[in-house]
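*Asks:* Pasting in a structure now, in structure tokens, and then I'll have a few things to ask.
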Amino acid sequence: MQDVSVPEIARRLRVSHNAVYVWRRRWLADGEGGLVSKGPSVADCRLSPKQVDRLAAALEEGPAAHGYTEDQRWTLARVADLIGRLFRVRYTLRGVSYLLHRMGFSPQVPAHRAIERDEEAIVTWRRETWPAGKR
């Protein structure tokens, strides 16, 4: 099987040519043992557990408590800014997303509802008017 070219191997395995060259170098140096996976590469959190707890408390206070008065939503950019102000540590938006996920937060889409919304009228309409219109 040594007569298969690097581009052909890369195409068949759907990887880059560079990956094939790296695998070949490892195989020549260490045999099959050099090809064993070392597991996923996971970067350590750049905040200490104490800082993560402090961040969680700050997020629970809400955006208005930290100067975001336009609306009551935490965005990734706002959280990144908050982390920078509190801990002098810079995070990318993707890094903030991973951090929040590890902390147990999940992305939410806020429900936009009119202040004038009448829940009783909606229930009545669904119960009486909607079924009549379906017939």
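*Asks:* How long is the gain from Arg117 to Arg90 if the chain were fully straight, where each residue apart is worth 0.36 nm and the alpha carbon distance is subtracted?
*Replies:* 5.6 nm
*Asks:* Let me ask you something else. Where the Cα atoms of segment 49-102 are projected onto their three principal axes, how long is each span, largest first, in whole Å?
*Replies:* 27, 22, 20
*Asks:* Ranked highest first by average number of other Cβ atoms within 10 Å, how do 74-85, 4-15 line up?
*Replies:* Per-residue mean Cβ counts within 10 Å order the peptides as 74-85, 4-15.
*Asks:* Once the Cα atoms of helix 93-102 and of the chain are each reduced to a long axis, what angle between those two axes, in degrees from 0 to 90 to the nearest 10, is obtained?
*Replies:* Tilt of helix 93-102: around 80 degrees.
*Asks:* How long are the three semi-axes of the equivalent ellipsoid for segment 1-122, computed from the Cα gyration tensor as the root of 5 times each eigenvalue, in whole Å, largest first?
*Replies:* 48, 22, 12
*Asks:* Return the calculated 222 nm mean residue ellipticity for the chain, to the nearest 500 deg cm²/dmol, obtained by summing -39500 (n - 2.57) across DSSP H runs with n ≥ 4 and dividing by the residue count.
*Replies:* -14500 deg cm²/dmol
*Asks:* Let me ask something else. I'd like the GluC sites (Glu not before Pro) in segment 48-129 restricted to DSSP loop residues with at most 11 other Cβ atoms within 10 Å, sorted by number.
*Replies:* In loop regions of segment 48-129 (DSSP not H, G, I, E or B), the sparsely surrounded GluC sites (Glu not before Pro) are Glu70, Glu116.
*Asks:* Could you list Lys38, Lys50 in order of exposure, starting from the residue whose Cβ has the fewest other Cβ atoms within 10 Å?
*Replies:* Lys38, Lys50
*Asks:* Related question: Assuming R0 = 35 Å, can you tell me the calculated FRET efficiency for the pair Arg12 and Arg54, based on Cβ-Cβ distance, to the nearest 0.05?
*Replies:* 0.10
Laboratory data are not the source of any read-out in this text; all were calculated from the coordinates shown. Owing to the predicted nature of the structure, the values given are computational and were not obtained by experimental measurement. Positions of Cβ are generated from backbone atoms using ideal geometry, with glycine treated the same way; all protein chains shown enter the neighbour counts.
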